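Please read the structure below before turning to the comments.
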Amino acid sequence: MVIALLIIWSGVVLFWYWYNRRHLVKLGSQIPGPVAYPLIGNGLTFWGKPEEVFKKLREIFTMYSRLVAIWLGPKLHVALFDANDVEVVLKSKAVEKAEEYKFLKPWLGDSLLISTGSKFKRNKKLIMPSFHVNNLKRFLDVFNDHALVLVESLREKVGEGEFDIQSYLSTCTINVLLETVMGINKETLGDQATKYSHYVHKLSGLAHMRVYKFWLRPDIIFRFSKVRREQDKYIEIIHGLTEKVIHERKKRWYESKLRDDEGEEKWTVFMDSLLGAKDENGVGLTDEDIKAEVMTMMFAGQDTTTTTLGFTLSLLGIYQDIQDKVLKELDEVFGSSNRPITYDDILKLQYLEQVVQETLRLYPPIPLIAKKPVADIQLDTCAIPAGCTVGIMIMGIQRDPKQFPNPMRFNPDNFLPENIKARNPYSYMPFSAGSRMCVGSKYATILIKVILAMILRSYRVSATRRERQFKLAGQVVLKRCEGYLVSLQLKSDTLNTTPP
């Protein structure tokens with residue numbers, strides 16, 4: 001009798017599951033894509049190392065011109081590569097954050113990256129003033145100081161042949177972030193700074209693993225997995241360090257008030273601005289809110305900035321004619337001076353900015369973002385069903401020949417004003433687009449230009465590996481598996497720089 005009831009109950013559950021999914025399955029079957037198998041879908045395609053998975057993804061995507069349906073177990077993912085389709089989706093009021101972002105929540109909490117609805121709108125309104133350009137100018141001294149330390153540390157590699165510059169760039173980036181976001185430096189943290197960077201990288205990889213290894217998606221399975229135990233270990237360390245810094249900074253904030261003569265709040269790092277932020281009712285951010293936003297800034301800024309710098313230097317090392325144009329522009333702005341870089345200098349370095357933009361086009365640090373339709377979205381070729389995950393394939397969109405002639409060619413002229421105007425604005429979105437656009441994009445751009453300008457005022461960069469030899473992997477952040485291999489030569493016989 002019990003067995004019979006269990007069979008009946010199982011049948012009812014399966015029927016209910018099928019009945020509620022029939023619309024999604026019907027519309028999903030009308031979207032082109034590789035053959036999916038029962039229960040596992042296309043899941044076996046994504047079995048392997050990150051670089052192998054990324055290669056398989058790119059192979060699938062090249063087979064379809066606008067969109068493709070991929071099933072990870074029972075979960076439907078629709079990948080979009082066309083700027084016009086992306087515009088329809090991102091402008092729709094029927095989309096919200098994809099469910100996959102919840103995998104980051106134990107680590108990043110309800111930060112701007114994760115939150116939705118009224119909390120997202122309120123907190124974004126409180127945080128956005130921190131990223132106003134007038135506030136970012138305060139950090140130029142920090143940017144210059146750490147970029148100069150980087151330049152000096154690279155002297156040991158001059159004339160030594162090719163090496164992976166990633167660790168040098170990563171050290172510079174994490175030190176800048178620690179100082180500008182949390183107000184601490186490597187001397188304060190010691191080897192914890194390196195560990196913090198390492199744990200952020202590890203957590204990013206674990207989140208990526210849970211997305212593509214569909215059997216780890218259900219909480220009931222993930223809870224007892226080795227991946228969960230590893231994740232908890234890293235989160236405990238990062239949360240503990242961040243909470244300690246918040247406590248100390250908060251104490252300092254309330255003791256000194258950090259106010260200038262006019263009584264206005266004066267802050268020196270992002271955490272200060274978060275501590276002082278108040279909404280129209282005089283209510284500020286909670287300690288949990290501040291912790292979430294600080295960790296998100298560290299996560300979003302560290303690997304993305306490092307990889308953009310690495311790809312840019314690799315490409316300049318390959319394309320010497322483009323590097324010549326950058327060096328000419330630097331000479332016009334700075335001459336033979338080794339003075340610090342000012343904000344006015346940043347504005348004058350237009351060709352360098354085009355080079356960075358073109359690097360971000362070909363190698364966006366975040367190669368995709370995800371959305372969840374809460375209602376069907378009609379495109380001109382098909383309908384995207386509610387309940388699926390829509391992958392906005394930034395890397396594919398930015399290599400679309402309809403938007404970028406000869407899209408695989410590294411060509412900074414793609415970002416001349418007249419060429420920008422001729423394109424769909426959604427054809428270039430390395431920092432996302434719309435209300436979810438990265439609030440730190442201006443911060444990242446200024447920092448990247450300062451570091452590149454500092455390096456290229458002192459060194460000439462060379463690289464022997466062509467772009468076709470790049471081995472790419474996308475563990476949340478796009479990277480070169482073999483590292484960013486370059487060689488350096490002094491532009492002059494001596495470096496007239498002294499580290500701070």
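A few notes on this one:
- Among the residues of the range 379-419, just one is part of a helix (DSSP H, G or I), among the polar types (S, T, N, Q) and in contact (Cβ under 8 Å) with a residue 12 or more places away in the chain, namely Asn414.
- Considering the range 190-247, and only residues there that are part of a helix (DSSP H, G or I) and among the basic types (Lys, Arg), the residue that is surrounded by the most Cβ atoms within 10 Å (Cβ to Cβ) turns out to be Arg210.
- For the range 162-175, the count of residues that are within 26 Å of Thr286 (Cα to Cα), in a helix (DSSP H, G or I) and of a type outside the set (S, T, N, Q) is nonzero.
- So Lys102, is it surrounded by fewer than 20 Cβ atoms within 10 Å (Cβ to Cβ) and either outside the structural domain of Ala422 (by TED's automatic domain parsing) or farther than 20 Å from Gly396 by Cα (or both): yes
- Cβ pairs under 8 Å, 6+ apart, first in the range 73-85 and assigned by TED's automatic domain parsing to the domain that holds Asp376 and over 29 Å from Phe404 (Cβ atoms), second of a type in the set (D, E, K, R) and surrounded by fewer than 23 Cβ atoms within 10 Å (Cβ to Cβ): Gly73/Arg217; Pro74/Arg21; Lys75/Arg217
Per-residue answers, yes or no, for (1) modelled with pLDDT under 95; (2) hydrophobic (A, V, I, L, M, F, W, C):
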site: Arg409; (1), (2): no, no
site: Ser435; (1), (2): yes, no
site: Ile448; (1), (2): no, yes
site: Ile451; (1), (2): no, yes
site: Arg468; (1), (2): yes, no
site: Lys471; (1), (2): yes, no
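- Listed by first and then second residue, the pairs with beta-carbon distance under 8 Å, at least 6 apart or on different chains, first residue in the range 297-308 and β-branched (Val, Ile, Thr), second at pLDDT below 90, are Thr304/Val477; Thr307/Val477.
- Residues in the range 458-469 that are closer than 19 Å to Thr308 by Cβ and buried (at least 18 other Cβ atoms within 10 Å of the Cβ): Tyr459, Val461, Ala463.
- Close pairs (6 angstrom Cβ cut-off, 6 or more residues apart or separate chains): of a type in the set (Lys, Arg) in the range 266-289, part of a loop (DSSP other than H, G, I, E, B) anywhere: Lys266/Leu258; Lys266/Asp260
Let's see how each residue does on (1) of a type in the set (Gly, Ala, Ser); (2) part of a helix (DSSP H, G or I); (3) closer than 27 Å to Met295 by Cβ:
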residue	(1), (2), (3)
Pro32	no, no, no
Val35	no, no, no
Trp71	no, no, no
Ala79	yes, no, no
Asp85	no, yes, no
Tyr101	no, yes, yes
Phe120	no, yes, yes
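- Here Ile290 qualifies as crowded, with 22+ Cβ neighbours inside 10 Å and among the hydrophobic types (A, V, I, L, M, F, W, C).
- Complete set of residues in the range 208-239 that are among the β-branched types (Val, Ile, Thr) and closer than 25 Å to Glu288 by Cα: Val227, Ile235, Ile237, Ile238
- Condition check for Phe410: surrounded by fewer than 20 Cβ atoms within 10 Å (Cβ to Cβ), under 25 Å from the mean Cα position of the chain (by Cα), of a type in the set (Phe, Trp, Tyr) and over 30 Å from Ala207 (Cα atoms): yes
- Residue list for the range 74-102, filter: modelled with pLDDT under 90 and either within 23 Å of Tyr64 (Cα to Cα) or among the aromatic types (Phe, Trp, Tyr) (or both): Pro74, Lys75, Ala98, Tyr101
- Candidate set: the range 482-496, residues that are at pLDDT 90 or above and either outside any strand (DSSP E or B) or among the small types (Gly, Ala, Ser) (or both); chosen: the one nearest to Ser337 (Cα to Cα): Ser487
- Test result for Ala69, surrounded by 20 or more Cβ atoms within 10 Å (Cβ to Cβ), of a type in the set (Gly, Ala, Ser) and under 23 Å from the mean Cα position of the chain (by Cα): no
- Residue ranges of helices (runs of 4 or more DSSP H) in the range 320-378 with at least 2 members in the same structural domain as Phe54 (by TED's automatic domain parsing) and surrounded by fewer than 16 Cβ atoms within 10 Å (Cβ to Cβ): 320-334, 343-348
The values are calculated or read from the model by the stated rules, or taken from the named source; none is laboratory data. Keep in mind that what you see is a predicted model, and the values were worked out from it rather than measured. In this analysis, Cβ positions are derived from the backbone assuming ideal geometry, glycine residues included, and neighbour counts consider all displayed protein chains.
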